[in-house]
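Read through the structure below, which is laid out as structure tokens, and then see the notes.
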Amino acid sequence: MVDIQKILIEAQEQLKNINSSEELSSFYQLYLGKSGKVTDLMKLMKEIPNEEKKNFGLAVNNLKQSISTAIEEKEKYFIKKKIEDSINNTKQVDLTIPSCKKLKGSLHPITIVQQKVIDIFLSMGFTVEDGNEIETEYNNFEAVNVPKNHPARDMQDTFYLDNGQVLKTHTSAAQNRIMKKYGAPLKAIFPGRCFRNEELDASHENTFFQIEGMMIDKNVSISNLIYFMKKMLTQVFGKEIDVRLRPGFFPFVEPGFELDISCPYCNGKGCRVCKHGGWIELCPCGMIHPNVLKMGGIDPDEYQGFAFGLGFSRLAMMTYDITEIRLLNSGNITALSQAKVK
Ligand code: FA5
């Protein structure tokens with residue numbers, strides 16, 4: 001007589017040691033396949049006496065059911081394990097890590113405002129010239145009427161190089177070369193980096209920018225100077241700007257002035273930027289001294305001219321609402337990118 005219970009126990013034992021889907025399919029073939037142990041039992045049915053057929057059939061069916069269920073469960077277990085393994089072996093992604101932003105570059109505030117001023121002067125017929133950063137003492141001082149031992153040299157703390165040349169203290173250092181290059185009449189601006197060995201604070205840097213301008217022709221007057229400055233500043237600030245002149249001393253101009261602008265932020269009413277005075281000191285200027293014209297090869301009896309030296313770093317600060325000049329040279333992209341046009 002076949003011991004069905006024994007076959008079931010044997011199958012359950014074998015199943016415990018099965019560790020892969022491949023082993024499980026062999027197990028299936030061994031019991032439920034075409035010539036499997038359970039299938040063979042079913043084939044025995046016809047040899048079983050009639051009175052035992054019912055019990056035998058029931059027992060074989062139960063055996064088949066038990067083995068099928070066990071195989072199904074094991075199969076489910078393998079599928080689940082496969083999914084879990086693949087999750088565990090996949091590189092984990094932390095969705096809370098901030099993404100790496102691609103930072104877009106932009107032009108420096110100085111460059112943006114400089115380009116704007118250059119465009120305005122180009123549209124008014126001025127030529128744009130370049131100045132050297134390392135200059136001869138002659139160009140920086142003597143040629144603009146500041147001879148050796150003149151007290152005005154002390155106003156510009158100068159970096160001297162071992163070879164006797166200087167780091168240009170002002171853009172006026174290019175005046176002589178430009179006059180000699182073009183002669184008169186002449187309309188030119190020359191932006192540039194200047195250097196002074198100064199005490200640093202929120203509005204003084206040792207390296208800063210100026211834009212110099214010169215117009216030389218017959219019958220040039222202070223009215224021309226006021227006209228061009230007003231026109232340029234009105235375009236830079238995008239609104240009508242009033243200017244006023246106060247006397248100022250510079251050896252290379254006579255008369256010399258300090259040009260103030262009506263505060264573009266409060267329209268002259270008084271605010272933090274203009275220190276509540278309604279005016280901002282922006283640009284020293286004046287009529288070019290006859291000695292300077294002469295040294296530039298231009299006859300002062302025939303020609304006159306005006307010159308101005310715009311403190312360009314400060315103009316950029318005003319335009320971008322930057323209150324600390326040292327930020328401009330800091331290379332601090334975060335701070336510079338927060339600078340907003342006023
Ligand atoms: C001059 O440099 C004259 N060459 C300007 C000039 C040109 C006058 C032509 C007349 C005719 P001053 O030293 O004041 O002048 O400087 C001009 C401007 O440069 C100042 O008004 C200021 O805005 C800026 N400046 C001067 N020193 C510094 C500094 N250390 N840091 C930032 N800006 C400065």
How much mean residue ellipticity at 222 nm does the chain get from its helices, if each DSSP H run of length 4 or more adds -39500 (n - 2.57) and you divide by all residues, to the nearest 500 deg cm²/dmol?
-12500 deg cm²/dmol
Using unit Cβ charges (K, R positive; D, E negative) and no other charged atoms, how large, in debye to the nearest 20, is the dipole of the chain about its Cα centre?
1200 debye
With everything on Cα atoms, drop me the angle between helix 222-237 and the longest principal axis of the chain, reported from 0 to 90° to the nearest 10.
10 degrees
Build a GNM of the chain with springs between Cα atoms under 10 Å: which of GLN165, GLN92, GLN175 gets the top mean-square fluctuation?
GLN92
Based on Cβ point charges of +1 for Lys and Arg and -1 for Asp and Glu, what charge dipole magnitude is obtained for region 5-162 about its Cα centre, in debye rounded to the nearest 20?
1960 debye
Can you order the peptides 185-194, 30-39 by their average number of other Cβ atoms within 10 Å per residue, highest first?
185-194, 30-39
Would you mind computing, in nm to one decimal, how far apart the modelled labels at ASP119 and TYR160 are, each placed 7 Å from Cα along Cα→Cβ?
4.4 nm
For region 208-285, count the residues as N, evaluate 2.2 N^0.38 Å, and divide the Cα radius of gyration by that value, please.
1.15
The alpha-carbon center of region 187-260 and that of region 285-306 are separated, in whole Å, by 17 Å
Starting from 0 in steps of 10 Å, tell me what percent of the Cα-Cα pairs of the chain lands in each bin.
5, 19, 20, 12, 4, 3, 3, 4, 6, 7, 8, 6, 3, 1, 0
Provide the solvent-accessible area of ILE178, counting protein heavy atoms only and rolling a 1.4 Å probe, rounded to the nearest 10 Å².
10 Å²
Reduced to Cα centres, the span from region 14-78 to region 111-158 in Å works out to 102 Å
Residues whose modelled amide H sits under 5 Å from the amide H of GLY270, counting only those 5 or more places away in sequence or on another chain, are GLY278
How large is the charge dipole for region 208-325, taken about the Cα centre, if only the Cβ atoms of Lys, Arg (+1) and Asp, Glu (-1) carry charge, to the nearest 20 debye?
440 debye
Tell me, in nm to one decimal, what length is gained between SER21 and SER66 on full extension, where the rule is 0.36 nm per residue of separation less the Cα-Cα distance?
14.3 nm
Skipping prolines and chain starts, which residues have an amide H placed within reach, meaning under 5 Å, of the one on THR127, given they are 5 or more residues away or on another chain?
LYS187, ALA188, ILE189
For PHE306, which sequence-distant residues (separation of 5 or more, or a different chain) have an amide H within less than 5 Å of its own amide H, given hydrogens modelled in the peptide plane?
MET215, ILE288
Could you give me D for region 55-200, from Stokes-Einstein at 10 °C and 1.306 mPa s, where the hydrodynamic radius is the Kirkwood radius over C-alpha pairs? Units µm² s⁻¹, please.
69 µm²/s
FRET efficiency, 1/(1 + (r/R0)^6) with R0 30 Å, evaluated for GLU199 and ASP242 via beta carbons
0.40
Under 20 Å from the Cα of LYS168 - aspartates and glutamates, other chains or at least 8 residues apart:
GLU129, ASP130, GLU133, GLU135, GLU137, GLU142, ASP154, ASP157, GLU198, GLU199, GLU205, GLU212
What ranking, highest mean first, results for peptides 316-323, 18-25 when packing means the other Cβ atoms within 10 Å averaged over each residue?
316-323, 18-25
For an R0 of 45 angstrom, estimate the FRET efficiency from the Cβ-Cβ distance between LYS181 and ASP94 and round to the nearest 0.05.
0.10
For VAL273 and GLU142, FRET efficiency with R0 = 35 Å and r from the beta-carbon atoms, rounded to 0.05?
0.40
If one takes the longest principal axis of the Cα atoms in the chain, at what angle in degrees, from 0 to 90 and to the nearest 10, does the Cα axis of helix 50-89 lie?
20 degrees
Isolated Cys residues of the chain, judged by Cβ distance under 4.7 Å to other cysteines
CYS100, CYS194, CYS283, CYS285
Counting alpha carbon pairs within less than 8 Å and at least 6 residues apart, what relative contact order, in whole percent, applies to the chain?
14 percent
Counting C-alpha atoms alone, how compact is region 1-134: give Rg to one decimal and Dmax as a whole number, in angstrom.
40.3, 123
Report, ordered by chain and residue number, the lysines lying within cross-link reach of LYS82, taken as a straight Cα distance under 20 Å and ignoring same-chain residues fewer than 8 apart.
LYS16, LYS74, LYS91
Taking only C-alpha pairs under 8 Å that are 6+ residues apart, what is the relative contact order of region 114-257 in percent?
23 percent
Could you grab the relative contact order for region 16-140? Cα pairs under 8 Å, six or more apart, rounded to a whole percent.
16 percent
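The values are calculated or read from the model by the stated rules, or taken from the named source; none is laboratory data. As the structure is a computational prediction, the values presented were derived from the model and not from experiment. Don't worry about glycine lacking a Cβ; one is built from the backbone with ideal geometry, like all the others, and counts go over all protein chains shown. Heavy atoms of the whole protein, side chains included, go into the accessibility calculation; ligands, DNA and RNA do not. Shrake-Rupley method; radii C 1.70, N 1.55, O 1.52, S 1.80 Å.
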